Amino acid sequence: MLSQVNLDVKGVVDSDIISTVEFNCSGELLATGDKGGRVVIFQREQESKNRLLSRGEYNVYSTFQSHEPEFDYLKSLEIEEKINKIRWLPQQNAAHFLLSANDKTIKLWKISERDKRAEGYNLKDEDGRLRDQFRITTLRVPVLMPMDLMVEASPRRIFANAHTYHINSISVNSDYETYLSADDLRINLWHLEITDRSFNIVDIKPANMEELTEVITAAECHPHQCNAFVYSSSKGTIRLCDMRAAALCDRHSKFFEEPEDPSSRSFFSEIISSISDVKFSHSGRYMMTRDYLSVKVWDLNMENRPVETYQVHEYLRSKLCSLYENDCIFDKFECCWNGSDSAIMTGSYNNFFRMFDRNTRRDITLEASRENSKPRAMLKPRKVCTGGKRKKDEISVDSLDFNKKILHTAWHPKENVIAVAATNNLYIFQDKIN
């Protein structure tokens, strides 16, 4: 079970809606991006590491405007400031670095602390005004004086003008020198030190756009092999590519696809089979994909079918027609692994999120909402009634609120602490402490 800490932003303004959530490599920092182009970084409370009862407490560490709205004058298109993805780089020194991307531009940000300032300059006064150089008669050595802690976020690199279509994924490579970025039709490989060029490693754009049958939906680098990466498509397929084979990876090394059951085919089959997220396990042996109704775990050594399939909200299969009409069928749910790859988590509607234990095959549905939970409260499992007589604790499938959806979740890399984004609210849950 979980107890919770709720970081709440009151009043739903479109620009406040959280669009991505990501823990850093140590789990001490948690970054969120929103539709307003802002990045908010939460830091784990230092004293909470020693006090078990508050080990999941995160407070605001830094907030900065990552992207601004832009306008493409050549195409007469407005470029949203919405943050699509955030990815942390492994920490090398006292500063932290992260990549943030909107539809067209990726930025490398440095987040650093400053608790000292220099005083005693020769050419300017303490208030910053230049001194009359003819009145300077002695040479002073500036000294560092303590000051209130200040967290600075500064853009170190801007990677732009490489994507014609909207960026849906960024992934840092295991060599920590390169990263890839993917849009609907192309995947580019960047060097973190070089902003003016990137290498196009996948291009599925047909010569005639009328022949377009699928688009790239997500991409990720292998966690240990810097030459390997995967990308998923709107047709429900996953391709594993090896950059050692060719400069342009138009031929995949492995092709993962589950054969469709002809008896269950319907008008919506192609839409609900589209993969919205793909994630390698920390071990690199497995990968997980999320489509509209399920989560699948694939063994990289077996291409013809997944080794595990978990139904997220199978009760919605009978509601696909209304979900198509209100466009919910196109929602892109993400998924994530826990630190040991023994459990997985993904979101659903009505502010529900689902957790699956891979060892016991047990699953649980929990709800992230202010109405039924208070800080430090225990979360009660929720159940959806699909028909017949509804029990006291169950909720009818017809009562689900499809405007409340959990698309973005993150799991602490080492502990059972999770972050769940519900519209403009960020919930942080932790294991129950006896």
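The values are calculated or read from the model by the stated rules, or taken from the named source; none is laboratory data. Values in this document were obtained by computation on a predicted structure and should not be read as measured data. A quick note on method: Cβ atoms are made from the backbone with ideal geometry, for glycine too, and the neighbour counts reach across all protein chains shown. Surface accessibility is based on the protein's heavy atoms, side chains included, excluding ligands, DNA and RNA. Shrake-Rupley method; radii C 1.70, N 1.55, O 1.52, S 1.80 Å.
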For the chain, what percent of Cα pairs sit more than 39 Å apart?
24
How do 312-325, 247-260, 285-298 rank on mean C-beta neighbours within 10 Å, highest first?
285-298, 312-325, 247-260
Sorting Trp298, Asn326, Ile395 by the position of each Cα along the dipole of the chain (Lys, Arg +1; Asp, Glu -1; all at Cβ), the one nearest the positive end of that ordering is Ile395
Highest average packing first - 94-104, 186-196, Cβ atoms within 10 Å:
94-104, 186-196
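With charges set only on the Cβ (+1 for Lys and Arg, -1 for Asp and Glu), what does the dipole of the chain come to about its Cα centre, in debye to the nearest 20?
Working: 59 positive and 64 negative charges, 260 e Å.
That gives the chain a dipole magnitude of about 1240 debye.
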Just the number please: accessible area per residue for the chain, 1.4 Å probe, all protein chains included, in Å².
52
Could you work out the helix-only [θ] at 222 nm for the chain, with each DSSP H run of four or more residues adding -39,500 (n - 2.57) and the total divided by the number of residues, to the nearest 500 deg cm²/dmol?
-500 deg cm²/dmol
For the chain, what is the relative contact order in percent, using Cα pairs closer than 8 Å and at least 6 residues apart in sequence?
14
The percentage of the accessible area of the chain (probe 1.4 Å, all protein chains present) made up of carbon and sulfur atoms, to the nearest whole number, is 49
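Give the peptides 176-184, 149-157 in descending order of average Cβ contacts within 10 Å, highest first.
On the way: 176-184: 19.9, 149-157: 13.3.
Peptide ranking by packing, descending: 176-184, 149-157.
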Phi to ³J(HN,Hα) by Karplus 6.51 cos²θ - 1.76 cosθ + 1.60 over segment 177-187, Hz, x for Gly, Pro
10, 10, 8, 10, 10, 10, 10, 4, 10, 9, 10
Partners for Lys110 among aspartates and glutamates (Cα-Cα distance below 20 Å; same-chain residues under 8 apart left out)
Glu22, Glu28, Asp34, Glu68, Glu81, Asp148, Glu152, Asp175, Glu177, Glu193, Asp196
So the label point goes 7 Å from the Cα of Gln92 along Cα→C-beta, right? Which residues of segment 106-126 then have their backbone N under 19 Å from it?
107-113
To the nearest 20 debye, what is the magnitude of the charge dipole of segment 152-298 about its Cα centre, counting +1 on the Cβ of each Lys and Arg and -1 on the Cβ of each Asp and Glu?
320
Can you work out the FRET efficiency for the pair Arg305 and Glu152, with r the C-beta to C-beta distance and R0 = 30 Å, to the nearest 0.05?
0.05
What does the charge count around Glu258 come to, taking other residues whose C-beta lies under 15 Å from its C-beta (Lys +1, Arg +1, Asp -1, Glu -1)?
-1
Lone cysteines in the chain, going by a 4.7 Å Cβ-Cβ cut-off?
Cys25, Cys221, Cys226, Cys321, Cys328, Cys335, Cys336, Cys385
When the charge dipole of the chain is computed with +1 on Lys and Arg Cβ and -1 on Asp and Glu Cβ about the Cα centre, the Cα farthest towards its positive end, among Val312, Ala219, Ser263, belongs to Val312
Cross-link pairs Lys383/Lys432; Lys75/Lys104; Lys254/Lys405; Lys35/Lys104; Lys85/Lys116; Lys296/Lys404 - those with Cα-Cα distance over 22 Å:
Lys254/Lys405; Lys85/Lys116; Lys296/Lys404
